[in-house]
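Undergrad: Take a look at this one; I'll ask things after.
Every read-out reported here was derived from the displayed coordinates using simple, explicitly stated rules and does not represent laboratory data. Just so it is clear, the structure is predicted and the values come from calculations on it, not from any experiment. Here the Cβ is made from the backbone with ideal geometry for all residues, glycine too, and neighbour counts use every protein chain on show.
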Amino acid sequence: MMNRTIAPPIKDAVDFDIKLKPYEQFTLDNGIPVYVMKSEEQDTLQLELVFPAGSWYESEVLEATATNFLMKNGTSKHTAQEINENIDYHGAYLNRNAYHENATYTLHCLTKHTEVLLPMLQEVILDPIFPEEELSLYKQNQKQKLAVNLLKCDFVGNRFIDKYLFGDFHPYGRVSTMMAYDALQTEGLQAFYKKHYTYNNCKIFVAGNLPPNTIALLNTYFGSTKWNGETNLVKLDLPIQPAEEKKFRIFNDENGVQGAVRVARHFPNRYHPDFPKMLVLNTIFGGYFGSRLMSNIREEKGYTYGIYSQLYNFRQTSALNIQTEAGRDVCEATIDEIYKELLRLQNEPVPKEELDLVRNYMIGSILGDLDGAFQLIQRWKNLILNDLDENYFYNNIKTIKTITAEELQQLAKQYFTPGDFYELVVI
Amino acid sequence: MIHYNKFTLANGLRVIVHEDHTTPMAVVNVLYDVGARDENPAQTGFAHLFEHLMFGGSINIPTYDEPLQMAGGENNAYTTSDLTNYYIQLPAENIETGFWLESDRMLSLAFDEKSLDVQRKVVSEEFKEHYINKPYGDVWHKMRELAYTTHPYRWMTIGKELSHIENAKLEDVKAFFFKYYRPVNAILAVGGNVTVEQVKALAEKWFGDIPSGEKYQRNLPAEPPQPAAHKLEIKANVPLDALYKCYHMYARTDKRYYAADLISDILGGGSSSRLHQVLVKEKKLFSNIECYHFGSLDAGLMTIEGKLVKGIKMKDAEKAIQQELEKLQNEVISERELQKVKNRVESLLAFEDMSLLNRANNLAFYELLGDAALMNREFENYEVVTAAELHEEAKLLFDEKNSNTIYYYAAN
């Protein structure tokens, strides 16, 4: 009989030699850089255009999001419905997103449809007209959506904790409001569009099974003119204005059966040497299913369905944020346990077995994340848009493989002092 | 075309292997042929609670997650009304760890009182988070009870009421396990950087000696045809009125399922779909509207749900939906529109197949449907649907007698 109590031998994480497959780079005739990750295994393609057009650059709240959203809702040649019909007919997806720093348009399609979809993509990017009626519909529907979200304790919790950390006026702490939607004007969106969606601010990322003439096609549709002219965007760091108080309790729904718990503090951005180390410490603390927070607060006490801590990936400055939805009457007990776990990492070194496990878990997870061209280009895009290269990636891997329990304890002593954290419960 | 090999162990465990040597990873997927529909009506939520208990340690291995994380792996699971699925993704070199862990919990759980006690609480919080503490969170609970009189789809996977979870006893848990979680009721799908020979050897080694168990013979009461429309009004503390309409559709293995699925895409798939275009963009009656179904194995529900623009009357909103449905009943759709929804299916399937995890998961799912080979024939099932067939299906499906409507009113 085989002994089932003994685990089969495993290959250790430190022995995995992780390689970040390099991208190919091309330059269109007008200078737009194109980053390419090819893979012939599937018949699918992902094409993403990235612009520095995130909320950072707004002069009015929501301008970036609304501009990004409405570019697809009408060009001088086609209505929103004609655009949507064209995309849908080819089984493609055209998604748009505005983040803090950047805004994107992403096309997913079967390789065979690439060529016929590009003219419409070009129109959306180069020739949007922001019809008045589309804007007013957008305002109405977004306001309705906001009204529903404002009843959710997790949504409200996320808004307030960012406001405490960064302040109302900072792009990282600013939130959508009914008033802000009402104030949107087509002129503002057009101006924002003209300034930020220009050829010289554009980067293109392509992955998957590319038609052989992809670069020629991109040149035809995006590379042959200096569309929207050249603008020079200056991006200065903006001062954050953290709240002076640290502890907040908000009653949003008197009948709520759960509370959104948020415990957060500032943390340096990804360029700081402590950042990669904190990725490891954060994983141990609350970054995976076996974390200290999850083991204690879910698996021991059953206070919540799930609890996580995360490091924000914001560019100017980061934060460490612990979040969970817990039973209404155990929210305070949950906060006590979070502090206990912070202090435990300050007072006791992480046992070797736990640290080995987290190293292996993190490396295995990275290996899985690098599987496939879409994932690889995503990884590269994050590096490129943050002015980093593969050395940053390899350095993070090295940190995961080599950081010691003493270093982690030092880090905890520096950053895990309960008094430095903002805490919030929204019921 | 997804290639695979299939064999069955002596104890009845079906094994599917999908080799993919372009990835460094492997997936181990175990599907158990049991879901919420198999529960005792007095003990609902059990299949899902059980899924939680599957992580509380097995007979020879005190913790499930730790050895897996040590091997660089991740895992999760889900329970539906139809089935329960567990999956692991890990570096292919460490695949044996997956076999070790999954086979031990198929052999027997630890049945620990403490684990049951904690997971009861965790599931209660999950229940609150998703179904109580969210605006409109109770609607599916109510819709299932409205639409089903007989079939066990009348309760949700999480359970009919919290008390069923709170009262779960360890002996019930044991009985449930030994009835359903047996090799003869399970499908193991392994994919990634592995070989058929290797998986054969590992499957024999780790799963081969687990007692086969008794094949579960499912014998659920079918939902009888609905003789008259069902309607329900709800008033709750929500900011907007909402309208939900559900129509009984066909079982997953019924040929007509594909026509119905295409109908849902015509009405609600993508921004150019009919309901969005007419009711949100042109008539401005809804701020959002969707049409979908869950792909249930037994006869499911085609659902239309939307939130009304403030100031719009419920009866006007409902009438406008009705008109769109009548249009499908009265006019045959154009070849272009039919081609559009077929192209969307083709694309959806291609994007789904990109992920190794999805491929392993789907192979197990189609094997449960009857044969893993069905996965490769799925698109053909859509391709052959004609506009005339869609027209016929729309007439039957959207018969008023077949409808279940919830009028969800904002209290203030």
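Undergrad: Normalised by the number of residues in region B:316-412, what is the relative contact order in percent for Cα pairs under 8 Å and 6+ residues apart? If you can, show how the numbers build up before the last one.
TA: Numbers: 41 pairs, mean separation 39.1, N = 97.
Once normalised by length, the contact order is 40 percent.
Undergrad: Along the Cα-to-Cβ line of B:Gln339, 7 Å from the Cα, sits a label point; which residues in region A:57-98 have backbone N less than 13 Å from it?
TA: Once the point is set 7 Å along Cα→Cβ of B:Gln339, A:86, A:89-91 turn out to lie under 13 Å by backbone N, inside region A:57-98.
Undergrad: Could you list which residues have their amide H under 5 Å from that of A:Ser318, counting only those 5 or more apart in sequence or on another chain, with H placed in the peptide plane?
TA: So A:Ser318 has HN proximity to A:Phe267, A:Asn269.
Undergrad: Which part of region A:47-68 falls in the paramagnetic zone of A:Glu187, meaning amide N under 16 Å from the point 7 Å along Cα-to-beta-carbon?
TA: A:59-60
Undergrad: Taking K and R as +1 and D and E as -1, what net charge do the other residues with C-beta under 13 Å from the C-beta of A:Asn386 add up to? Mind dumping the intermediate values first?
TA: On the way: positive: A:Lys203, A:Lys235, A:Arg270, A:Arg315, A:Arg379, A:Lys381; negative: A:Glu101, A:Asp387, A:Asp389, A:Glu390.
Within the 13 Å Cβ shell, the charges total +2.
Undergrad: Could you work out how much longer the chain between A:Lys21 and A:Ile250 gets when fully extended? Use 0.36 nm per residue separation minus the Cα distance between them, nm to one decimal. Numbers along the way, then the final one.
TA: Numbers: separation 229, 0.36 × 229 = 82.44 nm, distance 4.78 nm.
Full extension from A:Lys21 to A:Ile250 adds 77.7 nm.
Undergrad: Let me ask another. For B:Tyr153, what is the net charge nearby, where nearby means another residue's Cβ is under 14 Å from its Cβ and Lys, Arg count +1, Asp, Glu -1?
TA: Values: positive: B:Arg37, B:Lys142, B:Arg144, B:Arg154, B:Lys160, B:Arg218, B:Arg252; negative: B:Asp38, B:Glu39, B:Asp82, B:Glu145, B:Glu223, B:Asp298.
Once all neighbours under 14 Å are counted, the net charge is +1.
Undergrad: In terms of modelled amide H atoms, which long-range or inter-chain residues lie less than 5 Å from the amide H of B:Val238?
TA: It is B:Ala411, B:Asn412, by chain and number.
Undergrad: In deg cm²/dmol, rounded to 500, what helix-only [θ] at 222 nm does chain B give when every DSSP H run of at least 4 residues adds -39500 (n - 2.57) and the total is split over its residues? Write down the numbers at each step before the final one.
TA: On the way: 14 runs with 162 residues, N = 412.
Theoretical 222 nm ellipticity from helices: -12000 deg cm²/dmol.
Undergrad: I need the calculated FRET efficiency for the pair A:Ala243 and B:Ala236, taking r as the beta carbon distance and R₀ as 25 Å, to the nearest 0.05.
TA: Values: r = 34 Å, r/R0 = 1.34.
That gives a FRET efficiency of 0.15.
Undergrad: Moving on. A:Phe169 to B:Lys310: FRET efficiency via 1/(1 + (r/R0)^6), r the Cβ-Cβ distance, R0 25 Å, to the nearest 0.05? Write out the running numbers ahead of the final one.
TA: Numbers: r = 30 Å, r/R0 = 1.21.
FRET efficiency, A:Phe169 to B:Lys310: 0.25.
Undergrad: Would you please name the trypsin sites (Lys or Arg not before Pro) within region A:24-110 that are DSSP coil residues with at most 13 other C-beta atoms within 10 Å of their C-beta? Working shown, then result.
TA: Numbers: sites: A:Lys38, A:Lys72, A:Lys77, A:Arg96; in loops: A:Lys72, A:Lys77.
Answer by residue number: A:Lys77.
Undergrad: Could you name the lysines in cross-link range of B:Lys310, using Cα to Cα under 16 Å and dropping any fewer than eight places away on the same chain?
TA: A:Lys139, A:Lys143, A:Lys145, B:Lys235, B:Lys281, B:Lys283, B:Lys284
Undergrad: At most 16 other C-beta atoms within 10 Å and a DSSP loop state: those are the exposed chymotrypsin sites (Phe, Trp or Tyr not before Pro) I care about. Give me the longest piece of chain A that has none. If you can, show how the numbers build up before the last one.
TA: Numbers: sites that count: A:Phe169, A:Phe251, A:Tyr271.
With chymotrypsin sites (Phe, Trp or Tyr not before Pro) excluded where exposed in loops, chain A gives A:1-168 as its longest stretch.
Undergrad: Further question on the same structure: Residues of A:362-371, mean number of Cβ from any other protein chain within 10 Å of their own Cβ, rounded to a whole number?
TA: Values: counts 2, 2, 12, 6, 1, 8, 12, 0, 3, 10.
Averaged over the peptide's residues, the number is 6.
Undergrad: Name the GluC sites (Glu not before Pro) in region B:201-295 that are in a loop by DSSP and that have at most 14 other C-beta atoms within 10 Å, would you? Spell out each step's value before the answer.
TA: Values: sites: B:Glu204, B:Glu214, B:Glu233, B:Glu282, B:Glu290; in loops: B:Glu214.
Qualifying residues, ordered by number: B:Glu214.
Undergrad: So how far, in whole Å, is the C-alpha centre of region B:150-191 from the one of region B:262-294?
TA: 35 Å
Undergrad: How about A:Lys413: which aspartates and glutamates have a C-alpha closer than 20 Å to its C-alpha, ignoring those fewer than 8 places off in the same chain?
TA: Those aspartates and glutamates meeting the cut-off are A:Asp274, A:Asp336, A:Glu337, A:Glu341, A:Glu348, A:Glu354, A:Glu423.
Undergrad: Give the shape of region B:118-265 as rounded, prolate or oblate, defined through the alpha-carbon gyration tensor: a ≥ b ≥ c are the square roots of its eigenvalues, a/c under 1.5 means rounded, and otherwise the shape is prolate if a/b is larger than b/c and oblate if not.
TA: On the way: a/c = 2.04, a/b = 1.54, b/c = 1.33.
Prolate, because a/c is 1.5 or more and a/b exceeds b/c.
Undergrad: Hey, any idea what Rg/Rh is for region A:274-427, computing Rh the Kirkwood way over Cα pairs? Kindly include the intermediate steps, with their values, before the conclusion.
TA: Values: Rg = 16.3 Å, Rh = 16.7 Å.
The Rg/Rh ratio comes out at 0.98.
Undergrad: For a distance above 27 Å, tell me the whole-number percent of Cα pairs in region A:1-136 that qualify.
TA: Taking all Cα-Cα pairs of region A:1-136, the fraction more than 27 Å apart is 39 percent.
Undergrad: Next question. So what's the convex hull volume per residue for the Cα atoms of region A:132-182, in Å³? Can you show the working numbers first?
TA: Values: hull volume 3.8 nm³, N = 51.
Dividing the Cα hull volume of region A:132-182 by its residue count gives 74 Å³.
Undergrad: Which whole number gives the average count of other chain Cβ atoms within 10 Å of the Cβ atoms across peptide B:127-135? Walk me through the numbers before you get to the answer.
TA: Working: counts 2, 9, 12, 2, 0, 4, 15, 6, 7.
Shielding by partners across B:127-135 averages 6.
Undergrad: Report, largest value first, the span of the C-alpha coordinates of the protein assembly as shown along each principal axis, in whole Å.
TA: 75, 70, 59
Undergrad: Please give the calculated 222 nm ellipticity per residue for chain A, where each DSSP H segment of at least 4 residues contributes -39500 (n - 2.57) and the sum is spread over every residue; nearest 500 deg cm²/dmol?
TA: For chain A, the value works out to -12000 deg cm²/dmol.
Undergrad: What percent does the relative contact order of chain B come to when contacts are Cα pairs within less than 8 Å and at least six residues apart?
TA: Details: 754 pairs, mean separation 90.5, N = 412.
About 22 percent, as a whole number.
Undergrad: If you don't mind, there's one more thing I want to ask. Hey, got the average number of other protein chain Cβ atoms within 10 angstrom for residues in A:138-148? Walk me through the intermediate numbers first.
TA: On the way: counts 0, 0, 4, 7, 1, 3, 9, 5, 1, 8, 10.
Whole-number average of other-chain Cβ neighbours for A:138-148 is 4.
Undergrad: May I pose another question? Work through the residues other than A:Pro242 whose Cβ is under 13 Å from its Cβ and net out their charges, Lys, Arg +1 and Asp, Glu -1.
TA: Values: positive: A:Lys163, A:Lys246, A:Arg265; negative: A:Asp162, A:Asp168, A:Glu244, A:Glu245, A:Asp420.
Charge balance in the 13 Å sphere: -2.
Undergrad: For region B:27-34, just list the computed ³J(HN,Hα) in residue order, Karplus coefficients 6.51, -1.76 and 1.60, θ = phi - 60°, integers in Hz, with x standing in for Gly and Pro.
TA: 10, 10, 10, 10, 10, 9, 7, 8
Undergrad: Please work out the FRET efficiency for the pair B:Asp209 and A:Met178, using the Cβ-Cβ distance as r and a Förster radius of 51 Å; give the result to the nearest 0.05. Please report the intermediate quantities before stating the final value.
TA: Working: r = 65 Å, r/R0 = 1.27.
About 0.20, to the nearest 0.05.
Undergrad: Spelling out what I want: for every residue of region A:224-235, take phi, set θ = phi - 60°, compute 6.51 cos²θ - 1.76 cosθ + 1.60 (Karplus), and round to whole Hz; glycine and proline get x.
TA: Calculated HN-Hα couplings, in order: 8, 10, 8, 4, 6, x, 9, 10, 10, 8, 9, 10 Hz.
Undergrad: List nothing, just return the count: lysine pairs in region A:1-111, 8 or more apart or interchain, with Cα separation under 27 Å. Walk me through the numbers before you get to the answer.
TA: Details: A:Lys11/A:Lys19; A:Lys11/A:Lys21; A:Lys19/A:Lys38; A:Lys21/A:Lys38.
Here the count comes out as 4.
Undergrad: So, one more: Report, ordered by chain and residue number, the lysines lying within cross-link reach of B:Lys169, taken as a straight Cα distance under 30 Å and ignoring same-chain residues fewer than 8 apart.
TA: The qualifying lysines are A:Lys301, B:Lys114, B:Lys121, B:Lys128, B:Lys134, B:Lys142, B:Lys160, B:Lys179, B:Lys215.
Undergrad: Continuing with this model, one more query. What nm distance separates the two modelled labels at A:Glu354 and A:Glu40, each placed 7 Å from Cα along Cα→Cβ?
TA: Computed distance between label sites A:Glu354 and A:Glu40 equals 5.0 nm.
Undergrad: State, to one decimal in nm, how far the label point of B:Asp117 lies from the label point of A:Glu132, with both points 7 Å from Cα in the Cβ direction.
TA: With each label point 7 Å from Cα toward Cβ, the separation is 6.8 nm.
Undergrad: Enumerate the calculated ³J(HN,Hα) couplings along region B:237-252 in order (Karplus 6.51 cos²θ - 1.76 cosθ + 1.60, θ = phi - 60°), each rounded to whole Hz, writing x wherever the residue is Gly or Pro.
TA: Values, residue by residue: 7, 10, x, 10, 5, 9, 10, 10, 10, 10, 10, 5, 10, 10, 5, 4 Hz.
Undergrad: 5 Å is the cut-off here: which amide hydrogens, built 1.01 Å from N in the peptide plane, fall below it relative to A:Thr44, excluding neighbours closer than 5 in sequence?
TA: It is A:Thr111, A:Asn209, by chain and number.
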